[in-house]
Amino acid sequence: MSEEKNNTPVDAEISIPLAELIKVRRDKVLDLQSRNINPYPYSFNRSHQITEALNEFDALAENETTISCAGRIMLKRKMGKTFFADLRDGSERIQIYVRKDKVGDEQFDIFNTTDLGDIIGVEGFLFTTKTGEKTLKVTSVKLLTKSLHPLPDKHSGLTDTEQRYRRRYADLIVNPEVRDVFRMRTKIIQMVRDYLNKQEFLEVETPILQPMYGGGNAKPFKTFYNKLDRDMYMRIADELYLKRLIVGGFDKVWELCKDFRNEGIDRFHNPEFTMIEMYWAYADYKDMANLFENMLRDTVFAVHGTYKIPYGENEIDFEPKFKWISMLDSVKEETGVDFSEMSFEEATVKAKEFHVEGDGLINWGKVVEAMWEEKVEPTLIQPTFITDYPVEISPLAKKHRDNPRLTERFELFISSFEMGNAFSELNDPVDQMERFIQQGKAMEAGDDEAQPLDDDFITALTYGMPPTAGLGFGIDRLVMVLTNQHTIRDVVFFPQMKESGEGTIPVSKILAQIIDDE
(Lines give C-alpha, C1' and ligand atoms only; values in the text may rest on other atoms or scores of the structure.)
Protein backbone atom coordinates (compact mmCIF):
# COMPACT_ATOMS: atom_id res chain seq x y z
CA MET A 1 0.00 0.00 0.00
CA SER A 2 1.53 3.29 -1.06
CA GLU A 3 2.35 5.98 1.51
CA GLU A 4 -0.05 8.92 1.36
CA LYS A 5 1.21 12.45 0.78
CA ASN A 6 1.03 14.63 3.85
CA ASN A 7 -0.37 17.75 2.24
CA THR A 8 -3.75 18.32 3.85
CA PRO A 9 -4.08 20.96 6.59
CA VAL A 10 -6.08 20.31 9.74
CA ASP A 11 -9.27 22.39 9.58
CA ALA A 12 -12.32 22.72 11.76
CA GLU A 13 -14.30 22.43 8.53
CA ILE A 14 -13.44 19.10 6.94
CA SER A 15 -13.14 18.90 3.17
CA ILE A 16 -14.16 15.89 1.07
CA PRO A 17 -10.60 14.82 0.03
CA LEU A 18 -9.79 14.23 3.68
CA ALA A 19 -12.30 11.36 3.71
CA GLU A 20 -10.19 9.51 1.17
CA LEU A 21 -7.01 10.00 3.22
CA ILE A 22 -8.70 8.77 6.40
CA LYS A 23 -9.99 5.74 4.45
CA VAL A 24 -6.44 4.90 3.31
CA ARG A 25 -5.21 4.94 6.90
CA ARG A 26 -8.19 2.95 8.10
CA ASP A 27 -7.41 0.29 5.50
CA LYS A 28 -3.92 0.03 7.00
CA VAL A 29 -5.50 -0.62 10.38
CA LEU A 30 -7.61 -3.41 8.94
CA ASP A 31 -4.57 -4.91 7.22
CA LEU A 32 -2.61 -4.96 10.48
CA GLN A 33 -5.52 -6.50 12.35
CA SER A 34 -5.85 -9.19 9.69
CA ARG A 35 -2.25 -10.16 10.56
CA ASN A 36 -3.04 -10.26 14.30
CA ILE A 37 -1.12 -7.03 14.91
CA ASN A 38 -2.86 -4.63 17.30
CA PRO A 39 -2.47 -1.05 16.03
CA TYR A 40 -3.64 0.22 19.43
CA PRO A 41 -1.75 -1.78 22.10
CA TYR A 42 -2.25 -1.09 25.79
CA SER A 43 1.12 0.16 26.94
CA PHE A 44 4.81 0.52 26.17
CA ASN A 45 7.72 0.39 28.59
CA ARG A 46 9.95 3.35 27.77
CA SER A 47 13.19 3.86 29.65
CA HIS A 48 13.73 7.50 28.69
CA GLN A 49 11.85 10.54 27.56
CA ILE A 50 13.64 11.97 24.55
CA THR A 51 14.94 14.96 26.46
CA GLU A 52 16.41 12.60 29.07
CA ALA A 53 18.10 10.55 26.36
CA LEU A 54 19.61 13.69 24.85
CA ASN A 55 20.76 15.01 28.22
CA GLU A 56 22.52 11.69 28.94
CA PHE A 57 23.60 11.21 25.34
CA ASP A 58 27.37 11.01 25.77
CA ALA A 59 27.31 8.33 28.48
CA LEU A 60 24.55 6.31 26.82
CA ALA A 61 26.25 6.44 23.39
CA GLU A 62 29.68 5.56 24.73
CA ASN A 63 28.35 2.46 26.48
CA GLU A 64 25.96 1.57 23.64
CA THR A 65 23.24 1.33 26.26
CA THR A 66 19.95 0.02 24.95
CA ILE A 67 17.17 2.49 25.63
CA SER A 68 13.50 2.74 24.69
CA CYS A 69 11.61 5.87 23.68
CA ALA A 70 8.14 6.59 22.33
CA GLY A 71 6.65 9.42 20.34
CA ARG A 72 4.96 10.67 17.21
CA ILE A 73 6.51 10.41 13.73
CA MET A 74 6.89 13.97 12.48
CA LEU A 75 9.16 13.42 9.47
CA LYS A 76 10.07 10.30 7.50
CA ARG A 77 12.61 9.71 4.72
CA LYS A 78 13.15 6.37 2.99
CA MET A 79 16.45 5.37 1.39
CA GLY A 80 16.25 1.83 0.05
CA LYS A 81 16.12 -0.54 2.99
CA THR A 82 16.60 2.20 5.59
CA PHE A 83 14.58 5.04 7.03
CA PHE A 84 15.49 8.23 8.79
CA ALA A 85 12.63 9.73 10.77
CA ASP A 86 11.99 12.44 13.36
CA LEU A 87 10.35 11.20 16.54
CA ARG A 88 8.82 13.69 18.96
CA ASP A 89 7.38 13.12 22.41
CA GLY A 90 6.07 15.65 24.88
CA SER A 91 9.57 16.79 25.74
CA GLU A 92 11.77 16.93 22.61
CA ARG A 93 12.55 15.44 19.18
CA ILE A 94 15.23 12.99 18.06
CA GLN A 95 16.21 11.45 14.77
CA ILE A 96 15.78 7.68 14.50
CA TYR A 97 17.49 5.33 12.05
CA VAL A 98 15.62 2.19 11.03
CA ARG A 99 17.35 -0.54 9.00
CA LYS A 100 15.67 -3.65 7.70
CA ASP A 101 18.54 -5.93 8.69
CA LYS A 102 18.37 -4.59 12.28
CA VAL A 103 14.63 -4.78 12.98
CA GLY A 104 13.68 -7.71 10.77
CA ASP A 105 11.27 -8.04 7.85
CA GLU A 106 7.99 -7.83 9.77
CA GLN A 107 8.85 -4.77 11.84
CA PHE A 108 10.41 -3.04 8.85
CA ASP A 109 7.24 -3.70 6.86
CA ILE A 110 5.11 -2.26 9.65
CA PHE A 111 7.31 0.83 9.85
CA ASN A 112 7.20 1.16 6.07
CA THR A 113 3.40 1.54 6.23
CA THR A 114 3.43 4.10 9.06
CA ASP A 115 2.28 7.62 8.35
CA LEU A 116 3.22 11.00 9.75
CA GLY A 117 1.39 11.37 13.03
CA ASP A 118 1.57 7.69 13.97
CA ILE A 119 2.84 7.02 17.50
CA ILE A 120 5.53 4.37 17.83
CA GLY A 121 7.78 2.86 20.47
CA VAL A 122 11.40 2.10 19.62
CA GLU A 123 14.36 0.39 21.25
CA GLY A 124 17.96 0.88 20.25
CA PHE A 125 21.17 2.71 21.07
CA LEU A 126 22.41 6.23 20.49
CA PHE A 127 25.09 7.35 18.05
CA THR A 128 26.13 10.42 16.11
CA THR A 129 25.82 10.47 12.33
CA LYS A 130 28.54 11.74 9.97
CA THR A 131 26.67 15.05 9.79
CA GLY A 132 26.75 15.38 13.59
CA GLU A 133 23.10 14.51 14.20
CA LYS A 134 22.34 12.76 17.49
CA THR A 135 20.41 9.68 16.44
CA LEU A 136 18.78 6.58 17.86
CA LYS A 137 19.67 3.43 15.88
CA VAL A 138 16.55 1.29 16.16
CA THR A 139 16.75 -2.43 16.94
CA SER A 140 13.02 -2.86 17.60
CA VAL A 141 9.98 -0.84 16.58
CA LYS A 142 6.34 -1.16 17.62
CA LEU A 143 3.27 0.71 16.41
CA LEU A 144 1.48 2.15 19.45
CA THR A 145 -1.25 4.26 17.87
CA LYS A 146 -2.35 4.46 14.25
CA SER A 147 -3.25 8.06 13.42
CA LEU A 148 -6.23 8.29 11.07
CA HIS A 149 -6.06 12.05 10.53
CA PRO A 150 -3.18 13.58 8.52
CA LEU A 151 -1.04 16.17 10.25
CA PRO A 152 -1.02 19.73 8.95
CA ASP A 153 1.27 20.30 6.00
CA LYS A 154 4.87 20.63 7.19
CA HIS A 155 5.34 23.82 5.16
CA SER A 156 2.06 25.72 5.54
CA GLY A 157 1.09 24.20 8.90
CA LEU A 158 -1.91 25.59 10.75
CA THR A 159 -2.08 28.95 9.03
CA ASP A 160 -5.66 29.71 10.09
CA THR A 161 -5.51 31.13 13.60
CA GLU A 162 -9.14 30.24 14.26
CA GLN A 163 -8.42 26.59 13.50
CA ARG A 164 -5.41 26.57 15.83
CA TYR A 165 -7.77 27.40 18.70
CA ARG A 166 -10.54 25.05 17.55
CA ARG A 167 -8.15 22.12 17.11
CA ARG A 168 -5.70 22.89 19.90
CA TYR A 169 -4.50 19.29 19.93
CA ALA A 170 -3.28 19.66 16.33
CA ASP A 171 -1.73 23.02 17.21
CA LEU A 172 0.18 21.41 20.08
CA ILE A 173 1.36 18.52 17.89
CA VAL A 174 2.93 20.66 15.17
CA ASN A 175 3.95 23.77 17.14
CA PRO A 176 6.29 22.90 20.05
CA GLU A 177 6.55 26.59 20.95
CA VAL A 178 2.84 26.53 21.86
CA ARG A 179 3.51 23.72 24.34
CA ASP A 180 6.30 25.85 25.80
CA VAL A 181 3.83 28.66 26.52
CA PHE A 182 1.57 26.33 28.48
CA ARG A 183 4.49 24.81 30.37
CA MET A 184 5.41 28.36 31.32
CA ARG A 185 1.83 28.95 32.44
CA THR A 186 2.06 26.02 34.85
CA LYS A 187 5.38 27.30 36.18
CA ILE A 188 3.98 30.80 36.73
CA ILE A 189 1.03 29.43 38.72
CA GLN A 190 3.38 27.29 40.77
CA MET A 191 5.60 30.28 41.56
CA VAL A 192 2.59 32.31 42.71
CA ARG A 193 1.35 29.40 44.82
CA ASP A 194 4.78 28.98 46.41
CA TYR A 195 4.96 32.69 47.21
CA LEU A 196 1.55 32.76 48.87
CA ASN A 197 2.33 29.61 50.84
CA LYS A 198 5.46 31.28 52.18
CA GLN A 199 3.31 34.26 53.21
CA GLU A 200 1.06 31.80 55.10
CA PHE A 201 -2.04 32.34 52.99
CA LEU A 202 -4.47 29.41 53.12
CA GLU A 203 -5.61 28.06 49.75
CA VAL A 204 -9.38 27.42 49.81
CA GLU A 205 -12.27 26.56 47.50
CA THR A 206 -15.61 28.35 47.19
CA PRO A 207 -18.75 27.63 45.14
CA ILE A 208 -18.75 28.03 41.37
CA LEU A 209 -22.51 27.60 41.18
CA GLN A 210 -24.11 30.34 43.29
CA PRO A 211 -27.66 31.41 44.20
CA MET A 212 -26.60 35.08 43.92
CA TYR A 213 -23.73 36.41 41.85
CA GLY A 214 -21.53 39.27 43.01
CA GLY A 215 -18.03 40.50 43.69
CA GLY A 216 -17.61 42.19 40.30
CA ASN A 217 -19.35 44.29 37.71
CA ALA A 218 -20.32 41.77 35.06
CA LYS A 219 -23.23 39.91 33.47
CA PRO A 220 -23.50 36.33 34.78
CA PHE A 221 -24.31 33.04 33.09
CA LYS A 222 -27.66 31.86 34.36
CA THR A 223 -28.93 28.31 34.79
CA PHE A 224 -31.70 26.50 36.63
CA TYR A 225 -31.32 24.01 39.47
CA ASN A 226 -34.13 21.48 39.14
CA LYS A 227 -33.96 19.96 42.63
CA LEU A 228 -34.04 23.34 44.36
CA ASP A 229 -36.47 24.80 41.81
CA ARG A 230 -34.50 28.02 41.56
CA ASP A 231 -32.27 30.05 39.29
CA MET A 232 -28.54 29.71 39.85
CA TYR A 233 -25.54 31.61 38.47
CA MET A 234 -22.00 30.77 37.49
CA ARG A 235 -19.77 32.90 39.69
CA ILE A 236 -18.37 36.10 38.27
CA ALA A 237 -15.96 36.45 41.20
CA ASP A 238 -14.98 34.75 44.47
CA GLU A 239 -15.00 37.88 46.57
CA LEU A 240 -18.15 37.60 48.64
CA TYR A 241 -17.52 34.00 49.68
CA LEU A 242 -13.88 34.62 50.56
CA LYS A 243 -14.93 37.56 52.70
CA ARG A 244 -17.33 35.26 54.52
CA LEU A 245 -14.26 33.19 55.44
CA ILE A 246 -12.54 36.29 56.81
CA VAL A 247 -15.67 36.88 58.94
CA GLY A 248 -15.39 33.27 60.08
CA GLY A 249 -11.88 33.80 61.46
CA PHE A 250 -9.41 32.95 58.68
CA ASP A 251 -6.91 35.82 58.42
CA LYS A 252 -5.31 35.04 55.05
CA VAL A 253 -7.17 33.17 52.30
CA TRP A 254 -6.79 32.79 48.56
CA GLU A 255 -8.25 30.79 45.71
CA LEU A 256 -7.12 29.87 42.21
CA CYS A 257 -10.49 30.07 40.55
CA LYS A 258 -12.41 29.72 37.32
CA ASP A 259 -14.84 32.60 36.86
CA PHE A 260 -17.45 33.14 34.17
CA ARG A 261 -18.75 36.37 32.69
CA ASN A 262 -21.41 36.57 30.00
CA GLU A 263 -19.63 39.20 27.97
CA GLY A 264 -17.89 39.73 24.67
CA ILE A 265 -14.80 37.92 23.43
CA ASP A 266 -11.69 39.88 22.50
CA ARG A 267 -7.94 39.60 22.92
CA PHE A 268 -8.18 40.35 26.65
CA HIS A 269 -11.45 38.59 27.47
CA ASN A 270 -12.68 35.01 27.41
CA PRO A 271 -16.05 34.26 29.05
CA GLU A 272 -14.35 31.54 31.13
CA PHE A 273 -11.13 32.75 32.71
CA THR A 274 -8.72 31.99 35.54
CA MET A 275 -7.88 34.37 38.32
CA ILE A 276 -6.58 34.48 41.85
CA GLU A 277 -8.46 36.23 44.62
CA MET A 278 -6.96 36.74 48.05
CA TYR A 279 -7.97 38.46 51.29
CA TRP A 280 -5.78 39.61 54.14
CA ALA A 281 -7.26 40.57 57.50
CA TYR A 282 -5.90 43.63 59.34
CA ALA A 283 -4.21 44.96 56.16
CA ASP A 284 -5.19 47.77 53.78
CA TYR A 285 -4.78 48.32 50.04
CA LYS A 286 -1.27 49.71 50.39
CA ASP A 287 -0.16 46.58 52.24
CA MET A 288 -1.70 44.50 49.45
CA ALA A 289 0.05 46.58 46.80
CA ASN A 290 3.42 45.85 48.38
CA LEU A 291 2.67 42.13 48.54
CA PHE A 292 1.39 42.05 44.93
CA GLU A 293 4.40 43.96 43.63
CA ASN A 294 6.89 41.71 45.41
CA MET A 295 5.05 38.57 44.30
CA LEU A 296 5.13 39.65 40.64
CA ARG A 297 8.77 40.69 40.84
CA ASP A 298 9.78 37.36 42.38
CA THR A 299 7.69 35.41 39.86
CA VAL A 300 9.19 37.22 36.87
CA PHE A 301 12.71 36.56 38.09
CA ALA A 302 11.98 32.92 38.95
CA VAL A 303 10.58 32.31 35.46
CA HIS A 304 13.01 34.38 33.37
CA GLY A 305 16.12 34.92 35.51
CA THR A 306 15.82 38.68 34.92
CA TYR A 307 13.47 41.51 35.83
CA LYS A 308 13.37 42.90 32.29
CA ILE A 309 11.23 41.04 29.78
CA PRO A 310 10.00 41.87 26.26
CA TYR A 311 6.35 42.47 25.55
CA GLY A 312 5.63 43.41 21.97
CA GLU A 313 7.74 46.43 21.05
CA ASN A 314 8.42 47.33 24.68
CA GLU A 315 10.68 46.09 27.43
CA ILE A 316 8.84 45.79 30.74
CA ASP A 317 11.04 46.38 33.77
CA PHE A 318 9.75 44.85 37.01
CA GLU A 319 12.77 45.82 39.12
CA PRO A 320 12.07 49.49 40.00
CA LYS A 321 9.38 50.41 42.50
CA PHE A 322 6.05 50.45 40.66
CA LYS A 323 4.56 53.90 40.03
CA TRP A 324 1.66 54.86 42.34
CA ILE A 325 -0.77 57.58 41.16
CA SER A 326 -4.44 58.31 41.77
CA MET A 327 -6.98 58.11 38.96
CA LEU A 328 -7.78 61.83 39.29
CA ASP A 329 -4.10 62.83 39.30
CA SER A 330 -3.36 60.65 36.28
CA VAL A 331 -6.19 62.32 34.33
CA LYS A 332 -4.89 65.72 35.37
CA GLU A 333 -1.36 64.73 34.40
CA GLU A 334 -2.45 63.74 30.88
CA THR A 335 -5.14 66.36 30.18
CA GLY A 336 -4.61 69.23 32.61
CA VAL A 337 -8.19 68.79 33.86
CA ASP A 338 -8.90 68.43 37.59
CA PHE A 339 -12.21 66.63 38.14
CA SER A 340 -11.84 66.40 41.91
CA GLU A 341 -14.16 69.30 42.81
CA MET A 342 -16.53 69.10 39.84
CA SER A 343 -20.16 68.15 40.04
CA PHE A 344 -21.58 65.43 37.81
CA GLU A 345 -22.96 68.06 35.44
CA GLU A 346 -19.67 69.98 35.28
CA ALA A 347 -17.71 66.79 34.70
CA THR A 348 -20.04 65.77 31.88
CA VAL A 349 -19.57 69.12 30.10
CA LYS A 350 -15.79 68.92 30.47
CA ALA A 351 -15.67 65.33 29.20
CA LYS A 352 -17.62 66.32 26.08
CA GLU A 353 -14.90 68.86 25.31
CA PHE A 354 -12.58 65.86 25.00
CA HIS A 355 -15.14 63.97 22.90
CA VAL A 356 -15.85 61.59 25.78
CA GLU A 357 -19.58 61.03 26.03
CA GLY A 358 -22.23 58.30 25.92
CA ASP A 359 -25.32 56.84 27.56
CA GLY A 360 -23.28 55.04 30.22
CA LEU A 361 -22.05 58.25 31.88
CA ILE A 362 -24.78 58.23 34.52
CA ASN A 363 -22.81 59.67 37.46
CA TRP A 364 -19.61 61.54 38.32
CA GLY A 365 -17.59 58.38 38.83
CA LYS A 366 -18.55 56.99 35.44
CA VAL A 367 -17.47 60.25 33.76
CA VAL A 368 -14.08 60.22 35.50
CA GLU A 369 -13.59 56.57 34.57
CA ALA A 370 -14.46 57.23 30.93
CA MET A 371 -11.99 60.12 30.72
CA TRP A 372 -9.31 57.99 32.33
CA GLU A 373 -9.92 55.05 29.96
CA GLU A 374 -9.70 57.33 26.93
CA LYS A 375 -6.75 59.52 27.89
CA VAL A 376 -4.64 57.65 30.45
CA GLU A 377 -4.96 53.88 30.10
CA PRO A 378 -3.21 53.64 26.69
CA THR A 379 -0.13 55.38 28.13
CA LEU A 380 0.51 52.89 30.96
CA ILE A 381 3.32 50.69 29.66
CA GLN A 382 5.51 50.12 32.73
CA PRO A 383 3.93 48.64 35.89
CA THR A 384 1.70 51.35 37.38
CA PHE A 385 -0.75 51.32 40.27
CA ILE A 386 -3.78 53.52 39.48
CA THR A 387 -5.40 54.30 42.84
CA ASP A 388 -8.31 55.93 44.64
CA TYR A 389 -11.27 55.25 42.37
CA PRO A 390 -14.65 57.03 42.59
CA VAL A 391 -17.22 55.47 44.94
CA GLU A 392 -19.75 55.00 42.12
CA ILE A 393 -17.56 52.49 40.30
CA SER A 394 -16.26 50.69 43.41
CA PRO A 395 -19.29 49.30 45.28
CA LEU A 396 -17.29 46.90 47.47
CA ALA A 397 -14.35 49.15 48.41
CA LYS A 398 -13.98 51.14 51.60
CA LYS A 399 -14.34 54.92 51.25
CA HIS A 400 -11.03 56.75 51.18
CA ARG A 401 -10.01 57.88 54.64
CA ASP A 402 -9.27 61.41 53.29
CA ASN A 403 -11.92 61.87 50.59
CA PRO A 404 -15.45 60.41 50.77
CA ARG A 405 -15.96 60.74 46.99
CA LEU A 406 -13.23 58.15 46.47
CA THR A 407 -12.40 54.64 47.62
CA GLU A 408 -9.21 52.93 48.72
CA ARG A 409 -8.72 50.90 45.59
CA PHE A 410 -5.96 50.24 43.11
CA GLU A 411 -5.63 48.52 39.77
CA LEU A 412 -2.25 47.52 38.38
CA PHE A 413 -1.63 48.24 34.71
CA ILE A 414 1.12 46.82 32.51
CA SER A 415 1.39 47.44 28.78
CA SER A 416 -1.90 49.40 28.85
CA PHE A 417 -4.10 46.70 30.33
CA GLU A 418 -5.29 45.84 33.80
CA MET A 419 -3.47 43.10 35.70
CA GLY A 420 -5.08 43.24 39.13
CA ASN A 421 -7.72 44.98 41.23
CA ALA A 422 -7.56 45.53 45.00
CA PHE A 423 -9.42 47.32 47.79
CA SER A 424 -9.31 48.26 51.38
CA GLU A 425 -12.42 46.16 51.76
CA LEU A 426 -15.71 47.63 52.90
CA ASN A 427 -16.63 46.11 56.28
CA ASP A 428 -19.34 48.51 57.48
CA PRO A 429 -22.62 46.62 56.82
CA VAL A 430 -24.67 49.85 56.69
CA ASP A 431 -22.30 51.45 54.18
CA GLN A 432 -22.32 48.21 52.17
CA MET A 433 -26.12 48.17 52.17
CA GLU A 434 -26.17 51.76 50.90
CA ARG A 435 -23.81 50.74 48.08
CA PHE A 436 -26.11 47.85 47.14
CA ILE A 437 -29.03 50.29 47.06
CA GLN A 438 -27.08 52.53 44.71
CA GLN A 439 -26.20 49.50 42.58
CA GLY A 440 -29.90 48.69 42.41
CA LYS A 441 -30.63 52.18 41.12
CA ALA A 442 -27.86 51.81 38.55
CA MET A 443 -29.39 48.51 37.45
CA GLU A 444 -32.79 50.22 37.04
CA ALA A 445 -31.08 52.95 35.01
CA GLY A 446 -29.83 50.36 32.54
CA ASP A 447 -26.47 49.24 33.96
CA ASP A 448 -26.65 45.48 33.30
CA GLU A 449 -23.32 44.96 35.08
CA ALA A 450 -24.48 46.42 38.39
CA GLN A 451 -24.46 44.09 41.38
CA PRO A 452 -27.68 42.79 42.95
CA LEU A 453 -28.28 42.77 46.69
CA ASP A 454 -26.77 39.74 48.44
CA ASP A 455 -28.73 39.46 51.67
CA ASP A 456 -26.61 36.66 53.14
CA PHE A 457 -23.42 38.66 52.55
CA ILE A 458 -24.92 41.63 54.37
CA THR A 459 -25.85 39.25 57.20
CA ALA A 460 -22.26 38.00 57.33
CA LEU A 461 -20.96 41.56 57.62
CA THR A 462 -23.26 42.23 60.55
CA TYR A 463 -21.31 39.57 62.49
CA GLY A 464 -18.24 41.75 62.00
CA MET A 465 -15.42 41.54 59.46
CA PRO A 466 -12.02 42.88 60.54
CA PRO A 467 -10.23 45.53 58.46
CA THR A 468 -9.24 43.60 55.32
CA ALA A 469 -7.39 44.09 52.06
CA GLY A 470 -8.49 42.11 49.01
CA LEU A 471 -6.93 41.49 45.62
CA GLY A 472 -8.01 39.78 42.42
CA PHE A 473 -5.75 39.33 39.41
CA GLY A 474 -6.02 37.46 36.15
CA ILE A 475 -3.74 34.50 35.63
CA ASP A 476 -4.41 34.53 31.89
CA ARG A 477 -3.25 38.13 31.52
CA LEU A 478 -0.22 37.56 33.71
CA VAL A 479 0.77 34.62 31.50
CA MET A 480 0.24 36.78 28.41
CA VAL A 481 2.77 39.33 29.68
CA LEU A 482 5.31 36.81 30.95
CA THR A 483 5.23 34.77 27.72
CA ASN A 484 4.96 37.72 25.30
CA GLN A 485 1.58 36.61 23.93
CA HIS A 486 -0.88 39.19 22.70
CA THR A 487 -4.24 37.48 22.89
CA ILE A 488 -5.79 35.55 25.75
CA ARG A 489 -6.57 32.73 23.31
CA ASP A 490 -2.85 31.96 23.09
CA VAL A 491 -2.61 31.22 26.82
CA VAL A 492 -5.90 29.33 27.27
CA PHE A 493 -5.89 25.74 26.05
CA PHE A 494 -9.47 25.74 24.81
CA PRO A 495 -10.86 29.27 24.38
CA GLN A 496 -14.52 29.81 23.57
CA MET A 497 -15.14 30.15 19.83
CA LYS A 498 -18.01 31.01 17.54
CA GLU A 499 -19.56 28.13 15.67
CA SER A 500 -17.71 27.11 12.52
CA GLY A 501 -19.28 27.47 9.10
CA GLU A 502 -21.55 24.95 7.46
CA GLY A 503 -21.36 22.98 4.22
CA THR A 504 -18.46 20.67 5.06
CA ILE A 505 -18.26 17.11 6.34
CA PRO A 506 -17.21 16.56 9.99
CA VAL A 507 -14.72 13.80 10.76
CA SER A 508 -17.36 12.00 12.80
CA LYS A 509 -19.52 11.61 9.70
CA ILE A 510 -16.54 10.38 7.70
CA LEU A 511 -15.87 7.70 10.32
CA ALA A 512 -19.54 6.81 10.50
CA GLN A 513 -19.59 6.27 6.73
CA ILE A 514 -16.44 4.13 6.90
CA ILE A 515 -17.99 2.01 9.66
CA ASP A 516 -21.17 1.65 7.67
CA ASP A 517 -19.24 0.59 4.55
CA GLU A 518 -17.29 -2.02 6.51
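The values are calculated or read from the model by the stated rules, or taken from the named source; none is laboratory data. Only a predicted model underlies this, so the values are computations on that prediction, with no experimental measurement involved. Backbone-built Cβ (ideal geometry, glycine too); neighbour counts: all protein chains shown. Accessible surface areas use protein heavy atoms only, side chains included; no ligands, DNA or RNA. Shrake-Rupley method; radii C 1.70, N 1.55, O 1.52, S 1.80 Å.
Numbers below:
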{"quantity": "For the chain: relative contact order, % (alpha-carbon pairs under 8 angstrom, 6 or more apart)", "calculated": "14"}
{"quantity": "Qualifying trypsin sites (Lys or Arg not before Pro) for region 473-518 [loop in DSSP, other Cβ within 10 Å: at most 15]", "calculated": "Lys498"}
{"quantity": "For Leu380, residues with placed amide H under 5 Å, excluding near neighbours", "calculated": "Ser416"}
{"quantity": "Mean projected area in nm² (Cα convex hull; one quarter of hull surface) for region 59-195", "calculated": "11.1"}
{"quantity": "Region 152-269 shape via C-alpha gyration tensor axes, a/c threshold 1.5", "calculated": "oblate"}
{"quantity": "Dipole magnitude of the chain about its Cα centre (Cβ charges: Lys, Arg +1; Asp, Glu -1), debye to nearest 20", "calculated": "2360"}
{"quantity": "Dipole magnitude of region 268-410, debye to nearest 20 (Cβ charges: Lys/Arg +1, Asp/Glu -1, about Cα centre)", "calculated": "360"}
{"quantity": "Filter on Lys23/Lys78; Lys198/Lys222; Lys258/Lys332; Lys222/Lys441; Lys198/Lys243; Lys227/Lys441 - keep pairs with C-alpha separation over 26 Å", "calculated": "Lys198/Lys222; Lys258/Lys332; Lys227/Lys441"}
{"quantity": "Degrees separating the helix 285-304 axis from the principal Cα axis of the chain, which is the longest one", "calculated": "20"}
{"quantity": "Where N is the number of residues in region 242-361, Cα Rg divided by 2.2 N^0.38 Å", "calculated": "1.44"}
{"quantity": "Region 383-440, Cα convex hull volume normalised per residue, Å³", "calculated": "79"}
{"quantity": "Dipole of the chain, positive end: most advanced residue of Gly472, Val376, Ile208 [Cβ charges, Cα centre]", "calculated": "Ile208"}
{"quantity": "Alpha carbon convex hull of region 340-411, projected area averaged over orientations, nm²", "calculated": "5.2"}
{"quantity": "Residue (of Gly104, Ile362, Tyr241) at the positive-pole extreme of the chain, dipole from beta-carbon charges", "calculated": "Gly104"}
{"quantity": "Long-range amide H partners of Ile316 with built H, under 5 Å", "calculated": "Ile309, Tyr311"}
{"quantity": "GluC sites (Glu not before Pro) lying in DSSP loop within region 163-238, provided at most 12 other Cβ fall within 10 Å", "calculated": "Glu200, Glu205"}
{"quantity": "Euclidean distance between Cα centres, region 432-485 to region 99-177, Å", "calculated": "51"}
{"quantity": "Within region 387-518: Cβ-based charge dipole about Cα centre, in debye rounded to nearest 20 (Lys, Arg +1; Asp, Glu -1)", "calculated": "540"}
{"quantity": "Surface per residue (accessible, 1.4 Å probe) for the chain, Å²", "calculated": "48"}
{"quantity": "Sequence of Thr274, Thr65 when ordered by accessible area, the most exposed leading, probe 1.4 angstrom", "calculated": "Thr65, Thr274"}
{"quantity": "Taking N as its residue count, the alpha carbon Rg of region 182-230 over 2.2 N^0.38 Å", "calculated": "1.73"}
{"quantity": "Karplus-derived 3J(HN,Hα), 6.51/-1.76/1.60, for each residue of region 165-177, Hz, glycine and proline x", "calculated": "6, 5, 10, 4, 4, 5, 4, 5, 5, 9, 10, x, 5"}
{"quantity": "Amide H contacts under 5 Å for Phe221, placed H, 5+ residues apart", "calculated": "Met234, Asn262"}
{"quantity": "Percent accessible area from carbon and sulfur atoms, the chain, protein chains only, probe 1.4 Å", "calculated": "48"}
{"quantity": "Cβ-based net charge around Thr51, under 9 Å, with every Lys or Arg adding one and every Asp or Glu removing one", "calculated": "-3"}
{"quantity": "Charge dipole of the chain about the Cα centre (unit charges at C-beta), most positive-ward option of Pro404, Phe224, Leu143", "calculated": "Leu143"}
{"quantity": "For region 316-322, Karplus couplings with θ = phi - 60° (6.51, -1.76, 1.60), whole Hz, Gly/Pro x", "calculated": "8, 10, 8, 6, x, 4, 5"}
{"quantity": "Value of relative contact order over region 378-518, rounded to a whole percent, pairs C-alpha under 8 Å and six or more apart", "calculated": "17"}
{"quantity": "Taking region 19-96 and dividing mean pair separation by its residue count, relative contact order in percent (alpha carbons under 8 Å, at least six apart)", "calculated": "23"}
{"quantity": "Per-residue SASA entry for Ser34, accessible area with 1.4 Å probe, Å² rounded to 10", "calculated": "90"}
{"quantity": "Inter-centroid distance (Cα atoms) of region 387-413 relative to region 321-347, Å", "calculated": "13"}
